[in-house]
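Down below is the structure, laid out as structure tokens.
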Amino acid sequence: MRWSQILIPLGIVITWLLAGIGLWHLAAEHLNKPESNPIALVGYSAALVALAGWMIQAWVSVRNSRKQHTMNVLLQTRLNPQFGEHASRISAAFPAGAPIPYTEISKSENEAVYTSVRWVLNYYEFIAAGISHGDLDEPLMMDCICTQMLLFCARVEDVIQHLREEDARGNPSKSKVRVLKSLRKMQIRWREKARPTPWKH
């Protein structure tokens, strides 16, 4: 979890806690002195209402911006000629759905296909990094490309393990710990979520 994901909610909680304390203090002062002018209490309450409205508007704006950015990335994935070119090259070299072992794709005659596999993996890494940083909407992205991404990663699992120099437990070497890091995490997370729920009798 990134620090921003902790500090921002914590800052909001502290802000409203202090605002609540201030409101309670003004209300207590007014109750103790009924003859006092309630203008300060009314003004403070109006400021809190304005603050709440601003926060809601900011949250909606950020949420809409994230969804719009996600839709733009999805459209680029569908319309990007490079993505289609690389996907077609991979499908032409290896039967659809068949695993792509590193020993085969690393051969000199498959150099172009290997480049295409690396390109697609890096593209999914870009999406995974955008999700982990909160720039892309994960539920929307998952609804659209989950199956596609998981099937591709399953086909090139041997290639991913080689690029990350993973051991038998799936841990990468120290020098490769950042290679496809976000994609690996997203792959594991989505694979767990995509598992069918067993029927309850």
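The values are calculated or read from the model by the stated rules, or taken from the named source; none is laboratory data. The structure presented is a predicted model; accordingly, all values stated were derived computationally and were not measured. Positions of Cβ are backbone-derived with ideal geometry, glycine not excepted, and every protein chain shown enters the neighbour counts.
Numbers below:
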item: Gly134, sole failed condition from (1) part of a loop (DSSP other than H, G, I, E, B); (2) under 27 Å from Ala98 (Cα atoms); result: (2)
item: Meets criteria (at pLDDT below 70, out of contact with any His (no Cβ under 8 Å at 6 or more places or on another chain) and in a helix (DSSP H, G or I)) for Pro34; result: no
item: Only one of Val177, Val113, Val120 that is within 30 Å of Gln68 (Cα to Cα) and either free of Cβ contacts under 8 Å to residues at least 40 places away in the same chain or surrounded by fewer than 15 Cβ atoms within 10 Å (Cβ to Cβ) (or both); result: Val120
item: Tally, over segment 149-174, of residues that are within 24 Å of Phe94 (Cβ to Cβ), assigned to a helix (DSSP H, G or I), out of contact with any helix residue (DSSP H, G or I) (no Cβ under 7 Å at 6 or more places or on another chain) and not aliphatic (A, V, I, L, M); result: 3
item: Residue list for segment 164-195, restricted to those being in contact with a Lys or Arg (Cβ under 7 Å, 6 or more places away or on another chain) and aliphatic (A, V, I, L, M); result: Val179, Leu180
item: Test: residue in segment 110-121 that is small (Gly, Ala, Ser), farther than 21 Å from Leu74 by Cα and at pLDDT below 90; result: no
item: Which numbered condition Asp135 misses (of (1) touching a residue at least 60 places away in the same chain (Cβ under 8 Å); (2) in contact with a Ser or Thr (Cβ under 8 Å, 6 or more places away or on another chain); (3) not hydroxyl-bearing (Ser, Thr, Tyr)); result: (2)
